[in-house]
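**Q** Here it is, the structure in full.
The values are calculated or read from the model by the stated rules, or taken from the named source; none is laboratory data. Since the model is a prediction, treat every value here as computed from it, not as a measurement. Keep in mind that these areas ignore ligands, DNA and RNA; they rest on the heavy atoms of the full protein, side chains included. Shrake-Rupley method; radii C 1.70, N 1.55, O 1.52, S 1.80 Å.
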Amino acid sequence: MAGKRLSTVTDNDEVRGVPRPRHLFDRIFRPWIRSTSTKRPSRARDARHAISLCHSLLSERGEVSGARRATEALTAYGSLDSSALEVFFDRLVDEFSPDPSRVERAASTYTADPSQANLVRLQTEVEPPRQELFRRFNMAPGATAVLVRMREKLLKTVAAHPERCGLDADLEHVFRSWFNRGFLVLQRIDWRTPALILERLIEYEAVHQIEGWRDLRRRLADDRRCYAFFHPALPDEPLIFIEVALTRGLATHVQPLLNPDETVADPSDADCAIFYSITNCQKGLQGVSFGNFLIKQVAEDLGREFPRLKTFATLSPIPDFSRWLKSRGDATARTHLPPKLAILVERVERGDPLDLDPIDAELRSATCALCAYYLFHAKRGHEPLDPVARFHLANGARLEQLNWMGDTSRRGLGQSLGLMVNYVYRLADVERNHEAYAKQCRIAASSDFQRLVRLGLRLDSGDPVTDDVHSACNSTAQ
């Protein structure tokens, strides 16, 4: 959920009838919005005109004329209303896809003679012309930002128009090249960072909402760190940012980390770096991974700055645990649950307010065991069902510990019954864990967490769980 936006634009813009720009993309579109705001609404012919300019752009050979044509095409695209945009996307699919007959001939030739020359010909025929179109678009000033925003709009339509998935894949393909690690710049964000970028953090924060400037200032205090990746084409737009707390011992509860009145500790005494919020900022870059590079580089930088740091870990939400519990709410599944947990599931289904503290040890044990089972065994294909688990495990982290009442906010209680989880990044093991996960979907977990998973397996089979799970499910209230 985005934080409160604090505008840096004067109210005079609204007096002139021009919307105040929310971020860089809108500032780029702003001249085009001004030029078209008094004209009639765009219709299908506007989309046809934009597509005609796209064909012309592909036929250009000179760099100067190509840059001019790219600007014209993007200007035409920027004038499209929502209905014309639908036509534009469909025409990109219909008119800028590979020619099936040419692909078939090239494939037959390569099958008959798998030479390198025939492979190159096949690769050329298979590549959709719109990939080259997007590359040529990028000759225009500000085009990268426009294309990222274009994909953000496209993604909202793919579910209803699956034929556009190829168009989405082409944009993702070129973005993977343009936004590779070699072009990314890591910057530390502190209170001296320009206000425009600080405002972005408040706007984009998706894990733990930032409640204004006072809240942000505490998150940038001496015992905290914040880093972001930037791209030269989007200098004022963070691509992803990470918030870090420097602590003594493994942090198990998020509320103290979010409290703006919490006393600032001496960072030189810290032995743990807790990554408590990681936010991808650009929806149009979905599927382009930055997190692995970010976490590794931040851990290395922090290790150089604070040699006493021994542990690099997350304090992560479990956003879909309650939803998964609801899916177990049918009569057959509920017979496998302890009676008190079955009642809790029913309350989750009804959306009743949850008061989970104090709660008896039996229910706490059963809930923790079932959550461990969920993180380890609930799957989407071969990967974990939980999206945060997929992210950290794919980056080489290890499941370390569940934390009872780790997030007592209304959101935390609603999405995971207050549970949070620590993933630990041991730099010596990250590469091995990543390879095991990538090749075999094997999940790294501490011995205590594995024991908790086994309890969850017993619970899932209908056996009662009475074991002490304190070591793997921290239950100390804070």
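**Q** How long are the semi-axes of the equivalent ellipsoid of the stretch 164-318, defined as square roots of 5 times the Cα gyration tensor eigenvalues? Whole Å, largest first. Numbers along the way, then the final one.
**A** Values: eigenvalues 160, 57, 43 Å².
In descending order the semi-axes read 28, 17, 15 Å.
**Q** How big, on average over all directions, is the shadow cast by the Cα convex hull of the stretch 86-199, in nm²?
**A** 10.4 nm²
**Q** Now for a different question. What is the ratio of the Cα radius of gyration of the stretch 200-259 to 2.2 N^0.38 Å, where N is its residue count, to two decimals?
**A** For the stretch 200-259, the normalised Cα radius of gyration is 1.21.
**Q** Moving on. Over the Cα atoms of the stretch 39-144, each weighted equally, I'd like the Debye log10 I(q)/I(0) at q = 0.13 Å⁻¹, rounded to two decimals.
**A** Debye output, listed in q order: -0.57.
**Q** Can you give the accessible area per residue of the stretch 344-457, in Å², using a 1.4 Å probe? Walk me through the numbers before you get to the answer.
**A** Numbers: 4850 Å² over 114 residues.
Here the per-residue accessible area is 43 Å².
**Q** With the cut-off at 1.5 for a/c, could you classify the stretch 83-122 from its C-alpha gyration tensor as rounded, prolate or oblate?
**A** Taking the square roots of the gyration eigenvalues as a ≥ b ≥ c, the stretch 83-122 is prolate.
**Q** Cross-link list LYS156/LYS379; LYS326/LYS379; LYS296/LYS439; LYS379/LYS439; LYS310/LYS379: which exceed 27 angstrom alpha carbon to alpha carbon?
**A** LYS310/LYS379
**Q** Per residue Cα convex hull volume for the stretch 102-154, in cubic angstrom?
**A** Hull volume over Cα atoms, normalised by residue count, gives 90 Å³.
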